[in-house]
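Here is the structure we will look at.
The values are calculated or read from the model by the stated rules, or taken from the named source; none is laboratory data. As the structure is a prediction and not an experimental result, all values here were calculated from the model. Neighbour counts run over all protein chains shown; Cβ positions are idealised from the backbone, glycine included. In case anyone asks, the SASA skips ligands and DNA or RNA and just uses the protein heavy atoms, side chains included. Shrake-Rupley method; radii C 1.70, N 1.55, O 1.52, S 1.80 Å.
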Amino acid sequence: MPHIAELIAVGTELLLGNIANTNAQEISEALSTLGINVFWHTTVGDNPQRLEEVLATARRRADILITTGGLGPTYDDLTKQTVCAAFGRALVPHPEILEDIRTFYETAIHMPMPPNNAQQAELPEDCVVFDNPVGTAPGCAFEAEGVHVLMLPGPPHEMRTMLRRCAVPYLRGLSSEVIVSRDIMTFGMGESAVDQLLHERMARMTNPTLATYAKPFEVRLRATAKAESEEAAQAMLNPVWEMVCETLGDVVYGVDVADLAECCQGLLLQRGMTLATAESCTGGLVSEKITALPGASLVYRGGVVSYWTAVKGSVLEVPQEILDSYGPVSEECARAMAEGVQRITGADLGVSVTGVAGPDPDERGVPVGIVYIGLSTPEGTFCRRTDSGPTRRDRIRGIAANHAFDVVRRYLMGLPINPARLNFSP
């Protein structure tokens, strides 16, 4: 039987909305790769009585409980005490942990350890200790009455480190089987269109499984297999990858890649080519995405954010007759912007974005959501027109940036720049 987990976030600041519970998202993502079902997220304030009630409910419906927060040295950090009371475990001092905390203060904070931090070295008897190399609050895990309880610190950087170093290996050890997941990345079809093509086959799958997830401006399909070894699980996933590619075609742009920018970087490296960007409505978002990648300098020459029409003419050398006759949001301008940035940077490829992100149409009445993507290449210049509709400004900009990378990807892979099946309905 698969394990069922409940995540319990402890902290009044979470209930007040002072901070976002990003820990729950990261833990849930980690558990999904282990094949552990997360059925409940619960948030409770720094109140022992209410935490007791939450624990009593959680232990009846889940066999893995993971708490975050309440492991600090202050009076309201009562997670360990409350959990131990609920499961009949005594808190016992760990001298080696106390020494680690004292050393952390002396070497990282450069001050003596305050006396109240000593309580952080008290942990449940017979527990597995999770060390904390980036903070003072150790975590732990124990089993009681068939329930595995894991306690992790609340600060996100401490939780993240402990999750990867300690909690994931502990949870992986609860099963003799191996869970392997592959993320199949697509751009060019909305989630409903992808689901319509794959729904019947996804519904029949049990092991491996396939599910769709709508990422910002694209769709991810996660294929997951459970087997006795990683090699066996990978062998089970190969036919799934082939089936998705056969069904969706060239909207699939990669597997286990972060995004289209990373995909394009890899293709540019393979081809030994460089890229430059000319942006208007995206305001540098395309260049931001590619320069965020390690090694971007090997493929990216630079870019121009030509927000004003005058800058399109003076810097990118877009001919004035184009700006006068067709306007800054036009196919003609997009082509000239791409050619201009390619010319002034010496890059092999120049990609441009010009459009109307809103909230109002431009001075020529071009509607909100209309964007043109230009691509200047050694073989000629191409253009794609997109229409996101009158949606949010950030959505229009994000989709436009992805279109820019998709146009580059398709050129580098020898695919049609403007395929007929592009469909971004929800």
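At full extension, His199 and Val255 could sit 18.2 nm farther apart than now, given 0.36 nm per residue minus the alpha carbon distance. The dipole here belongs to the stretch 31-158: it is taken about the Cα centre, uses +1 on the Cβ of Lys and Arg and -1 on the Cβ of Asp and Glu, and is about 420 debye.
Across Ser376, Ser325, Ser28, mean-square fluctuation computed from a Gaussian network of the chain (C-alpha pairs under 10 Å connected) peaks at Ser325. Candidates Ala214, Trp241, Leu260 compared by Cα position along the dipole of the stretch 187-278: farthest toward the positive end lies Ala214, with charges placed on Cβ. The value for the stretch 228-275 of Rg(Cα) / (2.2 N^0.38 Å) is 1.47.
Calculated accessible area for the stretch 1-90 comes out at 46 Å² per residue, all protein chains present (probe 1.4 Å; ligands, DNA, RNA ignored).
Computed extension gain for Ala310 through Thr381, at 0.36 nm per residue and net of the alpha carbon distance, reaches 23.3 nm. Taken along the Cα-to-beta-carbon direction at a fixed 7 Å, the label points for Gln320 and Val134 span 5.6 nm. Annotation for the stretch 344-425: trypsin sites (Lys or Arg not before Pro) lying in DSSP loop with at most 14 further Cβ atoms inside 10 Å of their Cβ are Arg364, Arg392, Arg421.
For Glu379, Glu125, the ranking by accessible surface with the largest value first comes to Glu379, Glu125, using a 1.4 Å probe.
Note down the Stokes-Einstein diffusion coefficient of the stretch 335-407 in µm²/s, whole number, using a Kirkwood radius over alpha carbon pairs, 10 °C, and 1.306 mPa s. Working shown, then result.
Details: Rh = 12.6 Å.
It comes out at roughly 127 µm²/s.
Per DSSP helix of 4 or more residues, -39500 (n - 2.57); summed, then divided by the residues of the chain. What does that give at 222 nm, rounded to the nearest 500? The helix-only estimate for the chain comes to -11500 deg cm²/dmol at 222 nm.
Which whole number in µm²/s is D for the stretch 254-313 by Stokes-Einstein, with the Kirkwood Rh taken over Cα pairs at 10 °C and 1.306 mPa s?
129 µm²/s
Between Leu349, Leu248, Leu174, the residue with the greatest mean-square fluctuation in the GNM of the chain (Cα pairs under 10 Å linked by springs) is Leu174. The amide H of Val304, built 1.01 Å from its N in the peptide plane, has Thr277, Ala278, Glu279 as neighbours under 5 Å, considering only residues 5 or more places off or on other chains.
Across the stretch 292-350, the volume of the C-alpha convex hull divided among the residues equals 81 Å³ per residue. Using the Cβ-Cβ distance between Ala232 and Val168 with R0 = 25 Å, the FRET efficiency computed as 1/(1 + (r/R0)^6) comes to roughly 0.75. Annotation: amide H of Phe130 within the under-5 Å range of Gly139, Cys140, Ala141, sequence separation 5 or more or interchain, hydrogens built in the peptide plane.
The Kirkwood radius of the stretch 151-219, taken over pairs of alpha-carbon atoms, gives through the Stokes-Einstein law at 4 °C and 1.567 mPa s a diffusion coefficient of 85 µm² s⁻¹.
Placing one equal scatterer on every Cα of the stretch 1-41 and applying the Debye formula, the log10 ratio I(q)/I(0) at q = 0.21 Å⁻¹ is -0.66. The mean of 1/r over all distinct Cα pairs in the stretch 45-160, once inverted, gives the Kirkwood hydrodynamic radius of 14.5 Å. Mark the label point 7 Å from the Cα of Thr209 along Cα→Cβ and return the residues of the stretch 222-237 whose backbone N is within less than 15 Å of it. Backbone N within reach: 222-227. Taking 0.36 nm per residue of separation and subtracting the Cα-Cα distance, full extension of the segment from Asp76 to Glu331 would add 85.7 nm. Between the helical axis of 48-61 and the longest alpha-carbon principal axis of the chain there is an angle of about 80 degrees. Net charge dipole, the stretch 358-412: roughly 180 debye, given to the nearest 20, about the Cα centre with Cβ charges of +1 for Lys and Arg and -1 for Asp and Glu. With N the number of residues in the stretch 132-265, Rg(Cα) / (2.2 N^0.38 Å) evaluates to 1.30. GNM remark for the chain: springs join alpha carbons under 10 Å apart, and the peak mean-square fluctuation among Val257, Val134, Val305 falls on Val134. With bins 10 Å wide beginning at 0, the percent of Cα pairs of the chain falling in each bin runs 4, 18, 21, 19, 18, 13, 5, 1, 0. Isolated cysteines of the chain, defined as having no other cysteine beta carbon under 4.7 Å away, are Cys84, Cys166, Cys245, Cys263, Cys264, Cys281, Cys333, Cys383. The per residue volume of the convex hull around the alpha-carbon atoms of the stretch 289-426 is 121 Å³.
Thr43 sits among other residues whose Cβ lies under 12 Å from its own Cβ, and their net charge, with Lys and Arg +1 and Asp and Glu -1, is -2. Taking the inverse of the mean reciprocal distance over all distinct Cα pairs, the Kirkwood hydrodynamic radius of the stretch 1-71 comes to 12.5 Å.
Pick out, in residue order, every one of the trypsin sites (Lys or Arg not before Pro) in the stretch 45-91 that is DSSP loop and has at most 10 other C-beta atoms within 10 Å; say none if there are none.
none
Got a sec? Charge dipole of the chain, +1 on Cβ for Lys and Arg, -1 for Asp and Glu; which of Gly350, Asn132, Ala223 is way out at the positive end? Farthest towards the positive end: Gly350.
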